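So the structure is just underneath, and the comments pick up after that.
The values are calculated or read from the model by the stated rules, or taken from the named source; none is laboratory data. Fair warning: this is a prediction, and the values are worked out from it, not measured in the lab. Every residue, glycine as well, gets a Cβ built from its backbone with ideal geometry; the counts of neighbours run over all protein chains shown.
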Amino acid sequence: MFLNVLKSTRTQIVLVRSTIPFIQTRTFRYKARMQQFYNDGIDLNQQSVEINSTERIRRCSFYKDVDLYSFYKTTCPDVRTLGDALREGYIISKDGPCVGTFETSGSTNFIKWLPYSKVMEQSQYIGSYLLSKLKLIPMKSKVAILSANSPEYLFVEQGCYKYGFIVISLYSTYDAKTILSVLQRTQPEILVVDNFERIQTFQNELLNNDSIKEIIVLNDGSYNQNSKIRSLSSIFKSMKKTDICQRPIVCPDSIATYILTSGTTGEPKIAMLSHENLLATAKGHLIRLEQANIKQPELERHCSFLPMAHVYERFMLLQGLLRGTQLVFCPAPEKLQNYLSLVKPTQASVVPRVLNKVYDGVMTEVNKSTIKRFLVQQALREQPSFLSRIAFRKIKHLFGNEIKAMITGSAPITPDVMHFFRIALDIPIMEGYGQTESAGAGTSTHPIDMTYGTIGSPVPTVEIKLVDVPGTDYRCEYNRGEVCIRGPTIFKGYYGDEEKTREAIDQDGWLHTGDVGEWTSTGALKIIDRTKHIFKLSQGKYIAPERLEDVYVRSRWVSQIFVDGISTEQSVVAVVIPDEDYVRKHFKSTSKNVTSFADLCKDAKLNEIIFNDLYKLAEKYKLKSYETLSNIYIYPELFSQNNGLLTVTLKTRRTNARQHFEPIIKSLYDVDRRKVNNIE
């Protein structure tokens, strides 16, 4: 199941298809448990307060009077840079297990643990080698890492942080063109790869790149044929304890890492984050967790499977090190289920598509049996209370049976999925919101808040305000507008792009996120739109396509959907990628010429069925007439990174999609299906 989860190429939010209705009420047992064990004392009716009535700046009500730029430093006060994190974990854990490796003996799998002291030593060897042998310069030289998650990745990353070298994180899913482009733009002196095969097709370009002094391969191998390539193991063998160099003084405000943005509107930008940025996020997150009594043993073990190149996993690992957490790295999606069963993580950082896919698979099985369906309905209502523990044992088993806390982020999670996992796992599940440019910090929900659809209050290290979006009804006086974030987590700018930096951060230090938010009556934030993707129709109405996509993708016939429009028209249209499994199971074409799924997608009857289903969803969710699709095109190929229509974080590249489908979008306005089908 998890293999399909992580290889899913759906858009940023994959909504599940279930016939079991969402039940929010009667979760008495779960609510009581959260209030008993994880009550942080928040007033759920006033989660944030306005500290400046002129600009309408809001903070979490706990931190309305603190100095945002200093108070979090009382947490782990000896940790001033990212290079101090391992030592903090060493002290907290009393040199306990730090990094676990997956080992096999005969038919038995087991975890072999390296203590914090050993991981510190490995990192010191790498940092010392880069400093003394390769003459890298602290707070200036750059090291690019292109690798799947692994212990060696952590060793190199921490070695760089200890000695002040800037880490450039590259997604392992990048193609050769993107990798070479980023290397050309950033000019690193060292390239680290997990295996030589990853760069084999463009090795000549790398070997002839004069700015790259050395290519370090994490996997074992013999690379004597080229003096520019060296294995990590050979470095360890060449180093002695007497070779460990004294750490240089690294300024907390110096750049620690370059992280690439997702690139939904074009080429990925390179965000520069300082040591202080990431520490402020991690420490702030720990403050919120521990106030809600989420600490050891909840933070005891973590299985890292989200990309280490992403800011979300980066600060989760950092906060783990600060609390002496045991870490195991899963290198590939197909291995995740085996890893979870052996690691038995006590905490999990996930994205909605993981939970959505698990939920979807469960409900598919449940709906095959009337009895199972009834039992799950009752379990989700907690009627009787013990039923959920029996009905959802296998769900806990999927996550290793010892999961005690979970945080989900990077995309919205739907109420039915959140409710299901709250009851099924019976643990606190928090939803977070942030951006690369804010080092992942923004808002998070409180464990005792049983509502759905919001993303909580500002985290301890930021304050938030909403500003007017010109030409729209999103105005701060109505508690709606573009989300702006300020605090010590805000990045230092985009590498080599001062113009984009000025667009992102204004003169008062506010990061303009591009997301449109709304303050609810309880002081929680809700994301309702995206400013960069809004377009205007001929009658002057503004369209937020992602909000509409979140509605239409609920159709059981739909896997992905791209909503678009033209300024000279009065309605929206869409490109629909059907769910192939569902279509093949529930639709039979009468045409004799159907030999492939692409042929099936040309069937006019299928188009009509899907269009009518989308129209019903528009009615169900009370969309305006101009938000109701007037026509659709059925496209057989899923959006993916390979065809350039998805980012590495599985968000739609809207600029690319609009260009790719431009002729189709224009042709869809030749006919208004609502009138033809007599359903308007």
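Of all residues in segment 496-510, how many are assigned to a loop (DSSP other than H, G, I, E, B) and over 25 Å from K283 (Cβ atoms)?
Step one: of segment 496-510, the residues assigned to a loop (DSSP other than H, G, I, E, B) are 496-497, 506-510.
Narrowing further to those that are over 25 Å from K283 (Cβ atoms): 496-497, 506-507.
Looking only at that region, the number is 4.
Of the residues I448, I423, the single one that is at pLDDT below 95 and touching a helix residue (DSSP H, G or I) at 6+ places or on another chain (Cβ under 6 Å) is I423.
Residue-level check: of (1) surrounded by fewer than 23 Cβ atoms within 10 Å (Cβ to Cβ); (2) under 17 Å from V250 (Cβ atoms), D175 misses just (2). Restricted to segment 119-200, the set of strands (runs of 3 or more DSSP E) holding at least 2 residues that are under 23 Å from the mean Cα position of the chain (by Cα) and within 18 Å of L273 (Cβ to Cβ) comprises 142-146, 166-170. Filtered by the rule that a residue be in contact with a strand residue (DSSP E or B) (Cβ under 6 Å, 6 or more places away or on another chain) and over 21 Å from K73 (Cβ atoms), segment 262-293 gives P268, K269, I270, A271, M272.
For the structure I just gave you, tell me whether L299 is under 22 Å from T108 (Cα atoms) and touching a residue at least 12 places away in the same chain (Cβ under 8 Å).
So L299 does not fit the description; no.
Among the residues here, T513 does not qualify as β-branched (V, I, T) and either within 30 Å of D613 (Cα to Cα) or assigned to a helix (DSSP H, G or I) (or both).
Per the conditions (1) surrounded by fewer than 20 Cβ atoms within 10 Å (Cβ to Cβ); (2) touching a residue at least 60 places away in the same chain (Cβ under 8 Å); (3) among the β-branched types (V, I, T); (4) part of a strand (DSSP E or B), the sole criterion not satisfied by I527 is (1).
Condition check: out of contact with any strand residue (DSSP E or B) (no Cβ under 7 Å at 6 or more places or on another chain) and of a type in the set (D, E). Does E197 satisfy that? Steps first, answer last, please.
Numbers: out of contact with any strand residue (DSSP E or B) (no Cβ under 7 Å at 6 or more places or on another chain): yes; of a type in the set (D, E): yes.
The answer is yes for E197.
Residues in segment 655-680 that are of a type in the set (K, R) and at pLDDT below 90: R673, R674, K675.
The sole residue among T201, T186, T173 that is of a type in the set (V, I, T) and free of Cβ contacts under 8 Å to residues at least 40 places away in the same chain is T201. Close contacts from segment 78-93, counting a first residue that is of a type in the set (S, T, N, Q) and a second that is at pLDDT 95 or above, with Cβ to Cβ under 7 Å and a gap of 6+ residues or different chains, come to T81/Y161; T81/V250; T81/P252; T81/H275; S93/Y116; S93/G324.
May I ask you to verify whether L537 is at pLDDT 90 or above and either over 21 Å from the mean Cα position of the chain (by Cα) or basic (K, R) (or both)?
Working: at pLDDT 90 or above: yes; either over 21 Å from the mean Cα position of the chain (by Cα) or basic (K, R) (or both): yes.
Yes, satisfied.
For segment 235-288, a residue qualifies if it is in a loop (DSSP other than H, G, I, E, B), among the polar types (S, T, N, Q) and out of contact with any Ser or Thr (no Cβ under 7 Å at 6 or more places or on another chain), and exactly one does: Q246.
If the condition is being out of contact with any Phe, Trp or Tyr (no Cβ under 6 Å at 6 or more places or on another chain) and crowded, with 17+ Cβ neighbours inside 10 Å, then segment 590-608 contributes L600, C601, D603, N607. Just one of the numbered conditions (1) out of contact with any helix residue (DSSP H, G or I) (no Cβ under 8 Å at 6 or more places or on another chain); (2) outside any loop (DSSP other than H, G, I, E, B) is not true of S567: (2). Taken over segment 545-556, the residue count meeting the criterion of being in a loop (DSSP other than H, G, I, E, B) and closer than 24 Å to P663 by Cβ is 1.
When Q47 is tested against (1) surrounded by 16 or more Cβ atoms within 10 Å (Cβ to Cβ); (2) within 27 Å of I190 (Cβ to Cβ), exactly one condition is not met: (2).
Looking at the structure I just gave you, is M308 aliphatic (A, V, I, L, M), closer than 20 Å to A144 by Cα and under 12 Å from the mean Cα position of the chain (by Cα)?
Values: aliphatic (A, V, I, L, M): yes; closer than 20 Å to A144 by Cα: yes; under 12 Å from the mean Cα position of the chain (by Cα): yes.
Yes.
Using the structure shown, decide if A280 is modelled with pLDDT of 95 or more, small (G, A, S) and farther than 20 Å from I429 by Cβ. Yes, satisfied.
Run down S61, S107 and say which single residue is more than 28 Å from the chain's Cα centre (by Cα) and over 23 Å from I255 (Cβ atoms).
S107
Counting only residues that are under 25 Å from I427 (Cα atoms) and in contact (Cβ under 8 Å) with a residue 12 or more places away in the chain, segment 35-74 holds 16 of them.
Among the residues of segment 607-662, those identified as in contact with a Gly (Cβ under 7 Å, 6 or more places away or on another chain) and assigned to a helix (DSSP H, G or I) are T655, N656.
For the list (1) under 32 Å from the mean Cα position of the chain (by Cα); (2) surrounded by fewer than 20 Cβ atoms within 10 Å (Cβ to Cβ); (3) assigned by TED's automatic domain parsing to the domain that holds T655, I need the number of the one condition that S555 fails. All conditions are met except number (2).
Would you say E55 is within 30 Å of T445 (Cβ to Cβ), of a type outside the set (F, W, Y) and part of a strand (DSSP E or B)?
Values: within 30 Å of T445 (Cβ to Cβ): yes; of a type outside the set (F, W, Y): yes; part of a strand (DSSP E or B): no.
Considered against the rule, which asks whether it is within 30 Å of T445 (Cβ to Cβ), of a type outside the set (F, W, Y) and part of a strand (DSSP E or B), E55 comes out as no.
Of the residues T568, T590, the single one that is among the hydroxyl-bearing types (S, T, Y), more than 21 Å from F535 (Cβ to Cβ) and free of Cβ contacts under 8 Å to residues at least 40 places away in the same chain is T590.
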